[in-house]
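What follows draws every value from the coordinates through simple rules; no lab data is involved. Computed from a predicted model, the values in this text were never measured in an experiment. Using ideal geometry, Cβ is built from the backbone for each residue, glycine included, and neighbour counts are taken over all protein chains shown.
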Amino acid sequence: MTPYLLNHLLAQSAAHSPDSILLVCQERTLTYRALDQMANRLANVLRRHGVAKGDRVGIGLDKSVEAVIAIFGIMKAGAAYVPIDPRAPAKRAAYIIDNCQMRGLITTRDKLAGLRPVLAATPPCVILADGDGQAGSVPWAEVLGAPVDPPPDPQLVKDDLAYILYTSGSTGEPKGVMISHRAALAFVNWAAEYFQLQAGDRLSNHAPLHFDLSIFDLFCAVAAGATVVIVPPAVSVFPRNLADWIEQSRITVWYSVPSALTQLALHGGLERHRYERLRLVLFAGEVFPIQHLRRLMVLIPRAAYYNLYGPTETNVCTVHAVNTPPPAEGGPLPIGRACADTEVFALNEQGQPAAVGEQGELHVRGPTLMRGYWGRPEQTRATLVPHPLRPDELERVYRTGDIVRLDHAGDYHFIGRRDSQVKSRGYRIELGDIEAVLYRHPSIAEAAVIAQPHEEFGCTLLAVVTARANSSLERGELAAYCANHLPPYMIPSDFEFRAALPKTSSGKVDRRALQVGA
């Protein structure tokens with residue numbers, strides 16, 4: 001049977017190579033057969049406790065064997081999995097749980113204890129992955145003891161939801177991007193074929209599970225019958241240790257944001273290894289500084305390098321092969337050309353196709369597009385629009401909000417965002433999301449967040465604020481406040497206090513003046 005659901009990939013590879021290693025997580029390994037059986041057990045437990053077709057089940061776990069079991073078990077039960085950033089403040093995690101009306105949640109005792117005071121309602125089915133159950137929860141022992149028989153067929157079709165990834169939202173609240181099995185499989189099948197993934201490959205998993213780069217790591221590995229190796233968090237912190245880990249773990253395919261590779265190039269001591277097994281280095285999520293890419297390509301010359309582009313709403317939609325080190329004096333790398341079975345085009349401000357060399361907003365059409373934003377029909381209609389050039393077509397087109405330019409060779413180049421969204425360390429961040437949190441502080445009168453270019457991280461964030469009269473608010477207090485309400489990658493690097501924020505003639509905050517004065 002040709003797989004038409006993401007979890008079919010696991011069943012197919014488990015039947016073909018049951019004893020092959022699918023997952024390596026530090027000292028723990030899991031074969032294809034073992035993961036398939038554990039996912040069946042979990043699916044049966046979820047069904048027994050009321051999880052049904054179309055429900056949403058959250059995963060509030062660090063990257064682990066249990067987290068991967070959760071992903072496939074949830075889908076086998078007919079539900080959509082929703083990964084939650086394990087480092088996110090409790091209020092943000094609670095918002096996600098409440099927003100998509102989760103029927104189930106797989107987490108730990110400590111995380112659940114932190115969530116309970118801020119949850120509107122605890123999901124009916126809570127499974128604790130770290131030991132005995134508590135009142136109203138299910139222990140992981142029940143999963144271990146459940147039957148391995150396949151769960152009841154939930155009668156899913158390829159347009160049903162596979163997962164929801166929450167990204168930064170301009171309203172101050174994260175928004176859930178709904179991805180169907182059809183969309184995810186279209187990307188996975190393209191990537192596995194395009195990069196010629198084989199059963200002998202060992203793919204690193206550097207990205208967190210709530211970040212869309214992880215879709216490639218896990219599902220492309222499963223599609224090829226390969227092995228995915230989770231990068232230990234303690235290793236990721238130190239570039240030199242990470243450089244050793246890549247060699248010792250026999251990684252053949254690496255995929256991460258450029259900032260991680262920049263740290264490796266600058267501080268990893270890469271010249272200490274030959275990296276003869278590493279055949280692919282893929283990167284996405286932000287601009288890769290040319291000087292650091294050149295250094296990386298010199299230190300690891302045997303690998304093939306690819307720049308991938310695509311917002312969460314489209315999966316990867318363009319790709320550019322970096323065949324030779326780019327010239328030091330050149331501009332940023334192109335984001336390349338459309339992936340197979342995908343159409344990309346840019347429209348200028350007049351709504352016409354942008355000519356070569358002209359800037360325009362990138363639009364994407366194809367099978368990998370999201371279904372929409374969970375619970376946000378108006379925002380969905382604003383971004384998934386009728387084809388601007390062929391309005392009679394039923395298929396929708398996604399407006400990325402990214403400004404691009406087409407060169408004479410047929411490659412697109414990323415110019416910037418149409419709105420205030422920025423990229424830092426590979427994470428997509430709405431500046432308005434941070435500002436909304438700052439405005440909730442009782443001592444803040446005005447707030448604006450601006451992005452400042454940074455050689456290694458793409459950009460850093462500066463919060464410029466005006467405190468209320470007679471306030472004794474200080475930087476440290478404000479930083480601590482942000483740490484309680486925002487994930488780490490959204491916390492401004494610095495805070496600047498001013499008597500007033502500059503304004504335009506229309507009364508809006510003059511962000512250009514802020515940039516000049518920063």
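Under 8 Å for C-alpha pairs, at least 6 residues apart: give me the relative contact order for the chain, rounded to a whole percent.
12 percent
Of VAL157, LEU115, GLN134, which is farthest on the positive side of the dipole of the chain, counting Cα position, with +1 on Lys and Arg Cβ, -1 on Asp and Glu Cβ, and the Cα centre as origin?
Comparing the listed Cα positions along the dipole, GLN134 ranks first.
As an exercise, take the mean of 1/r over every pair of distinct alpha carbons in the range 1-82, invert it, and state the Kirkwood radius in angstroms.
Final number for the Kirkwood radius of the range 1-82 is 12.9 Å.
Given contacts defined as C-alpha pairs under 8 Å and at least six residues apart, what's the relative contact order of the range 6-180, whole-number percent?
22 percent
Have a look at the DSSP beta bridges in the chain and tell me what percent are antiparallel, nearest 5.
Of the beta bridges lying entirely in the chain, close to 60 percent run antiparallel.
In the P(r) worked out for the range 6-180, what percent of Cα pairs fall beyond 29 Å?
When all Cα pairs of the range 6-180 are counted, 17 percent exceed 29 Å.
Which of GLU329, GLU358, GLU446, GLU435 comes first, and how do the rest follow, when ranked by fewest Cβ neighbours within 10 Å?
Ascending number of Cβ neighbours within 10 Å: GLU329, GLU358, GLU446, GLU435.
On average over all directions, what projected area in square nanometres does the range 326-460 have, based on the convex hull of its Cα atoms?
Projected over every direction and averaged, the Cα hull of the range 326-460 covers 11.3 nm².
Distances longer than 20 Å among the Cα atoms of the range 238-327: what percent of all pairs is that?
29 percent
Remind me, what semi-axes does the range 424-517 give for its equivalent ellipsoid, largest first in whole Å, using sqrt of 5 times each Cα gyration tensor eigenvalue?
Taking √(5λ) for each eigenvalue gives 20, 18, 11 Å, largest first.
In what order do LEU308, LEU46 fall by count of nearby beta-carbon atoms within 10 Å, going from fewest to most?
By the 10 Å Cβ count, ascending, the order reads LEU308, LEU46.
For GLN26 and GLU393, what does the FRET efficiency come to when R0 = 60 Å and r is the distance between their Cβ atoms, rounded to the nearest 0.05?
It comes to 0.75.
List the lysines whose Cα sits under 18 Å from the Cα of LYS76, skipping any in the same chain fewer than 8 residues away.
By straight Cα distance, LYS76 reaches LYS53, LYS158.
What is the gain in length, in nm to one decimal, between VAL385 and ASN470 on full extension, counting 0.36 nm per residue of separation less the C-alpha to C-alpha distance?
25.7 nm
Using only alpha carbon positions, build the gyration tensor of the chain, then give the equivalent ellipsoid semi-axes as the square roots of 5 times its eigenvalues, largest first, whole angstrom.
For the chain, the ellipsoid semi-axes come out as 35, 29, 24 Å.
Using helices alone, what [θ] at 222 nm do you get for the chain, with -39,500 (n - 2.57) per DSSP H run of 4 or more residues, divided over all residues and rounded to the nearest 500?
-8000 deg cm²/dmol
Pop a pseudo-label 7 angstrom from the Cα along the beta-carbon direction at both ASP494 and GLN291 and give the gap in nm to one decimal.
It works out to 1.9 nm between the two label points.
Among LYS91, LYS111, which comes first, then next, by fewest other beta-carbon atoms within 10 Å?
LYS91, LYS111
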